[in-house]
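Structure record follows, encoded as structure tokens.
The values are calculated or read from the model by the stated rules, or taken from the named source; none is laboratory data. Given the structure is predicted, the values throughout are model-derived calculations rather than measurements. Neighbour counts are summed over all protein chains in view; Cβ atoms, including those assigned to glycine, are modelled from backbone coordinates with ideal geometry.
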Amino acid sequence: PLGPLFLQPNCGRLSTIYKCQLHCKLRQRSRLSENSANSTLETVIMASNCKQLFFLAVLAVGICAAVCDTGSEDGVMAMPFSTAATVRNQLLTYVNARQISAPANVFCSNCLIRAWSRRNKSNRMISFHINNLNSAIQPYPKVVQDKLRALAFAATTSFENFNVQVQNSYAVKTAYIGAARKVNNIVDVAILDTNIVAALVPKYITMSRRQCKKILFWKKCKTVYFNVLRGYYANEINGMVTMLQHEAFKMFKEIVMSMPA
């Protein structure tokens, strides 16, 4: 009786259950008409069988609905709760291993970074069948696509990408990390991304020049000092990059800790 449930094109229909109940009732009536002496015993036995068929049919519909419902187009679906917790643990281990301490003398009003102008963060968790791998990874950068394609042969993978731009008055860091695993040909992917803008403390170099002024037959000169933006030295840039990396992984951990455990 479970065969037709799995062969239906639209999984999750309950029509087969109702047909099962009706068929059982008809069988009960026919048995009663043939042999009235044993009708009571046969009815009890058939009713018991029908209850078993009914519960098996309900179980089959539940399994079929869970397996066949993709949740969106191209075979991409929302990640189940238990799977999300597993990927969360994978990401938490990854973040804890890569987290670094904040460098000294970098973040203060007169150091290098005086404030965070923007701290945006987001995450996305999806699942898809391994057969839909190529179409599911199209929206992501090539470095992510290459890592996810490895799931055709591996069980787990992780990836990251960081980009930093340092200007005279601000620095921008965009970063994302991700983890993925494959179980029974179902791929689960979690991607976290951050966008940080740091307001920098401008650094100047003091220059000087001689300035002269002629008054009648006399020329009076003096030294004039002025400041010119010098940019940042290599060690200062390294300090800012380290601080941005620290802040990015701090935000990644905030995202991971907010995910279902």
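Points worth noting:
- Within region 82-136, restricting attention to residues that are within 24 Å of Phe153 (Cβ to Cβ) and of a type in the set (Ser, Thr, Tyr), the residue that is nearest to the chain's Cα centre (by Cα) is Ser127.
- A count restricted to region 195-238 and to residues that are over 30 Å from Ala175 (Cα atoms) and among the hydrophobic types (A, V, I, L, M, F, W, C) stands at 11.
- Residues in region 148-171 that are farther than 17 Å from Asp193 by Cβ and aromatic (Phe, Trp, Tyr): Phe153, Tyr170.
- Pair list, Cβ < 9 Å and 6+ apart or interchain, from region 117-137 residues that are under 14 Å from Arg149 (Cα atoms) to residues that are among the acidic types (Asp, Glu) and surrounded by fewer than 18 Cβ atoms within 10 Å (Cβ to Cβ): Phe128/Asp74; Asn132/Asp74; Ser135/Asp74; Ala136/Asp74
- Hey, Tyr225 of a type outside the set (D, E, K, R), in the same structural domain as Thr86 (by TED's automatic domain parsing), crowded, with 16+ Cβ neighbours inside 10 Å and more than 18 Å from the chain's Cα centre (by Cα) or not: no
- A residue that is assigned to a strand (DSSP E or B), polar (S, T, N, Q) and closer than 30 Å to Gly231 by Cα can be found somewhere in region 146-162.
- Looking across region 140-167, just one residue is of a type in the set (Ser, Thr, Tyr) and either more than 12 Å from Ala179 (Cα to Cα) or modelled with pLDDT of 90 or more (or both), and that is Tyr140.
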